[in-house]
Amino acid sequence: MKKQRLSAKFALAAVIVAAGMMCACSTTRRIPDDDILYTGIKKIDIARTDSGKLAPEISSQIKKAVDVAPNNYFKLLKWRYPFPLGLWVYNNWPNPPSGFKHWIYEKLVEEPVLISDVRPEVRTHMIEQILDNNGYFSGTATYSLVHGKNRKKAKVRYDVYPGTAYPVDTVMPIENNTRLGFVIDSLAAIDPYLSRSDRQYSTDSLSAARTRITNKLRNRGYYYFRPDFIEYLADSIVRPKHISLKMVLASNIPAFATRQYTTGKVTIHVARNQGGGTPDTIALPRATLIQMKPSRLRQSSIAECITFRPGRLFSVRNMDRTQTNISRLGIFNAVNIEAMPDTTDKVSHKLDVDIYCTFDSPLETTLEVNASSKSNSYIGPGLTFGVTNKNLFGGGEQLSVKLTGSYEWQTGSGRRSVFNSYEFGLTGTLAFPRLLAPKFIPRSRFQLNWTRFQLNADLLNRPHYFKMAQFNASVNYDWRVRRHVQNTFTLFKLTYTNLMHTTADFDSIMEANPAVAQSFRSQFIPQMSYSYVYDRQINRNNTINWQFTIQEAGNVFWAIYRAAGKKGEKELFGTPFSQFVKGQTQLVWGRRLGQGDHWLVSRVAAGAAHAYGNSTQVPYAEQFYVGGANSVRAFTVRSIGPGSYKAPEGSPEDNFDRTGTFKFEANVEYRFPIFGPVHGALFVDAGNVWLLKSDDMRPGGTLRGKTFLRDLALGTGVGLRLDIGMLVVRGDLGIGIHAPYNTGHGGYYNMKSFGNSLAFHLAIGYPF
């Protein structure tokens with residue numbers, strides 16, 4: 001014990017001596033005599049304007065203009081740490097041409113940031129330019145150096161005096177008696193900035209206004225017009241301390257830029273991906289198609305993509321829409337559109353349009369080895385092999401066949417999960433890039449709509465419990481009425497679930513709980529469903545996503561049997577079919593905090609399912625559960641609920657009967673950047689599932705208003721995300737605060753221990 005104490009004292013003394021030696025070493029020895037080491041910003045003092053504080057966006061521009069990081073500075077926390085190791089090495093460590101000391105020098109050195117590098121005199125001019133650009137024409141900025149004990153070190157203090165803001169008094173129209181001048185004046189009169197009565201002078205706003213005007217002009221036939229052809233003349237004499245603006249056309253504007261063009265001939269050139277071929281010219285309703293044969297192309301599909309109308313005003317919007325429509329067919333690897341004046345007709349000013357398309361290879365084969373992460377906390381390696389024909393009938397129809405296999409285990413569990421499983425699946429999909437449905441269904445002509453036919457077979461094996469096969473066939477419609485709204489209607493989906501093999505352990509669980517056994521039975525599930533998704537970034541700082549799904553099963557078949565006079569349990573191909581209705585909704589709202597990439601994201605989700613008629617229980621696969629990587633992250637999947645129910649400790653049914661027919665979840669997550677692609681998160685989750693029908697085998701599981709809040713599981717935690725754009729790898733450590741069941745501990749915080757309350761989840765993608 002005495003020897004350990006001496007060792008600890010010696011280590012502490014060594015650290016103190018080393019720190020003292022580092023502090024004693026100079027960090028300014030190699031600083032030139034006529035320069036000073038920059039140690040950061042002392043203060044940015046922005047004086048008040050006549051109307052109060054300077055606008056936050058202008059203050060932000062000023063702070064950004066002078067934001068220069070000094071040495072040994074942690075930019076994320078805006079903190080200059082006290083041990084300048086890099087500077088110490090630069091000033092005191094020898095740097096031979098090679099060898100170990102040279103390697104140490106190169107790895108640790110940090111060259112000093114000098115006042116001459118920062119150039120504060122230049123930055124004060126930048127501040128004054130920012131003030132000028134925002135109407136503070138009398139604004140000034142100065143700087144001073146603030147020294148400490150060492151005269152070779154200094155901070156920089158900036159003093160900003162904005163002065164009086166000059167608002168825009170009037171915007172005078174263009175004195176040009178031409179059609180172009182009249183059009184520009186009419187557009188300026190409705191511009192969101194130029195038409196305002198409380199305009200604050202801003203060069204950025206003026207530049208944005210002329211860009212908006214130019215874009216509208218180019219959609220009205222003025223194809224060659226550019227933003228810099230509009231100039232502003234500013235006058236502060238007409239009315240003191242106010243700006244009068246006059247819009248003028250540039251003196252060097254070319255004549256062709258002032259002309260209004262109509263659409264001439266539209267020609268589509270379709271080339272083979274191998275090159276060569278024999279040209280075949282085909283007249284379409286609004287264009288001429290020149291297709292290199294042999295190649296497969298449905299003429300009606302390409303004709304529907306063309307938004308140009310010969311003889312009408314030329315519009316850049318039509319160029320963009322046509323290119324987007326053709327690209328969405330998915331059969332071309334390159335689409336280019338060119339517009340050239342018709343030189344044969346110099347009176348009507350027409351633009352001929354040439355569209356060049358090159359076929360992509362129709363067959364695509366993929367082989368993917370991946371790590372999958374599911375909402376129920378399963379993670380594991382997977383293999384997917386797929387073959388897709390992207391142009392089956394010449395109109396962008398896609399036929400794909402995929403073979404998948406995976407082995408998965410459950411994360412977040414303190415013990416080895418009994419749900420380790422493997423799964424094999426075969427899926428065939430035939431997709432048409434249009435709605436094969438009646439015309440009265442509303443749809444957008446500017447969005448690609450899909451009709452999908454799908455067949456699928458899956459084999460799921462959970463060792464020690466069961467082996468299950470599932471087959472389904474479906475017909476789906478995906479369409480948009482507006483850009484932010486996605487509709488999905490499943491006209492028909494028939495699922496057949498067959499419990500092929502069970503073990504004695506699984507059978508004993510089912511015998512102990514008939515309600516759970518009923519949900520596992522082999523059955524047909526004929527379904528129809530509708531899903532609505534509203535996904536929009538409202539502005540730079542707010543996003544919203546609302547999803548709503550309603551589905552029913554068995555009602556159509558039940559009505560047919562009932563009309564035929566059949567009573568009692570009804571069967572399909574000798575097997576009972578399920579009958580239930582199910583609805584669920586989710587609202588996710590994101591709010592940016594400050595100017596950086598800091599977000600507060602909130603989520604509320606609820607769902608309910610009810611079995612009736614031909615069924616007493618909702619199928620197990622259609623019931624709700626909570627916990628896991630995308631839910632209440634302090635608990636593993638199916639480890640809580642329904643309600644306050646909990647099976648006896650260690651009983652195997654504890655993992656099978658924790659589902660319900662009503663679900664409620666609420667989450668709040670603060671997301672922030674750390675460095676580069678690494679982001680962090682702090683979160684709070686709450687939720688549970690309940691039974692809408694009471695079950696004597698699961699006491700406390702029924703939904704009741706008086707126990708609703710107490711039945712909500714609550715947890716918090718921290719997370720790390722590696723966000724590289726196309727892929728987000730996420731690790732979340734959940735910390736339980738309240739379990740809805742009896743843990744043997746009183747009070748709201750009823751976890752057995754802190755270690756017992758932890759659950760770690762590794763997942764792909766954000767939780768919501």
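The values are calculated or read from the model by the stated rules, or taken from the named source; none is laboratory data. Since the model is a prediction, treat every value here as computed from it, not as a measurement. Here Cβ is always computed from backbone atoms with ideal geometry, including for glycine, and neighbour counts include all displayed protein chains. These accessible areas exclude ligands, DNA and RNA; they are computed on the full protein's heavy atoms, side chains included. Shrake-Rupley method; radii C 1.70, N 1.55, O 1.52, S 1.80 Å.
Data overview
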| read-out | value |
| --- | --- |
| Gained length - Q595 relative to L108, 0.36 nm times residue gap less alpha-carbon distance | 172.0 nm |
| Rg to Rh, two decimals, where segment 689-768 supplies the alpha carbon set and Rh follows Kirkwood | 1.10 |
| Relative contact order (%) - the chain, alpha-carbon pairs under 8 angstrom, separation at least six | 6 percent |
| Approximate shape of segment 527-585 as ellipsoid semi-axes (Cα gyration tensor, √5λ), whole Å, largest first | 40, 9, 7 |
| Per-selection metrics, segment 577-642 (Cα): Rg and Dmax in Å | 16.9, 57 |
| Two-decimal Rg/Rh across segment 558-601, once Rg and the Kirkwood Rh are taken from alpha-carbon atoms | 1.58 |
| Computed FRET value (nearest 0.05) for N176 with T324, which takes r as the C-beta separation and R₀ as 35 Å | 0.50 |
| Interatomic Cα distance distribution for segment 115-273, bins of 5 angstrom, percent | 2, 8, 13, 14, 12, 10, 9, 8, 7, 5, 4, 3, 2, 1, 0, 0 |
| In Hz, Karplus ³J(HN,Hα) per residue of segment 203-208 (6.51, -1.76, 1.60; θ = phi - 60°; x = Gly, Pro) | 5, 5, 5, 5, 5, 5 |
| The chain - mean residue ellipticity at 222 nm from DSSP helices (-39,500 (n - 2.57) per run, n ≥ 4, rounded to 500) | -5500 deg cm²/dmol |
| Computed Kirkwood radius, in angstrom, where 1/r is averaged over Cα pairs of segment 139-185 | 15.6 Å |
| Extension gain from E338 to L399, taking 0.36 nm per residue of separation minus the Cα-Cα distance | 18.7 nm |
| Rg over Rh, two decimals, segment 192-329 (C-alpha only, Kirkwood Rh) | 1.19 |
| Whole-Å semi-axes of segment 225-281's equivalent ellipsoid (Cα gyration tensor) | 51, 13, 9 |
| Stokes-Einstein D in µm²/s, Kirkwood radius over Cα pairs - segment 70-119 at 20 °C with 1.002 mPa s viscosity | 178 µm²/s |
| Spacing of the two label points (7 Å from each Cα toward its C-beta) at F708 and R48, in nm | 4.9 nm |
| Length-normalised contact order for segment 123-181 - Cα pairs under 8 Å, 6+ apart - percent | 31 percent |
| Charge dipole (debye, nearest 20) of segment 40-175; +1 at Cβ of Lys and Arg, -1 at Cβ of Asp and Glu | 1060 debye |
| Cα-based Rg / Dmax (Å) for the chain | 34.7, 105 |
| Unit charges on C-beta of K, R, D, E only; dipole of the chain, Debye | 840 debye |
| Mean-position separation - Cα centroids, segment 206-259 and segment 349-363, in angstrom | 33 Å |
| Charged-residue dipole, Cβ positions (Lys, Arg, Asp, Glu), segment 100-162 about Cα centre, Debye nearest 20 | 500 debye |
| Solvent-accessible area of E569 with every protein chain in place, 1.4 Å probe, in Å² to the nearest 10 | 90 Å² |
| Distance histogram for segment 616-741 (every C-alpha pair counted, 10 angstrom bins, percent rounded to whole numbers) | 14, 39, 27, 14, 5, 0 |
| Kirkwood hydrodynamic radius of segment 472-525, from inverse mean 1/r over distinct Cα pairs, in Å | 14.3 Å |
| Under Karplus coefficients 6.51, -1.76 and 1.60, residue-wise ³J(HN,Hα) of segment 492-508 in Hz, glycine/proline x | 7, 9, 10, 10, 10, 10, 10, 7, 6, 8, 10, 9, 5, 4, 5, 4, 5 |
| Separation of alpha-carbon centers, segment 626-645 and segment 679-721, rounded to whole Å | 7 Å |
| Approximate spin-label separation S508-H242, in nm, with each point projected 7 Å along Cα-to-Cβ | 9.1 nm |
| D (Stokes-Einstein, µm²/s), Kirkwood Cα radius, segment 431-500, 1.567 mPa s at 4 °C | 91 µm²/s |
| Euclidean distance between Cα centres, segment 106-134 to segment 544-568, Å | 69 Å |
| Global form of segment 195-264, assessed from the alpha-carbon gyration tensor, a/c cut-off 1.5 | prolate |
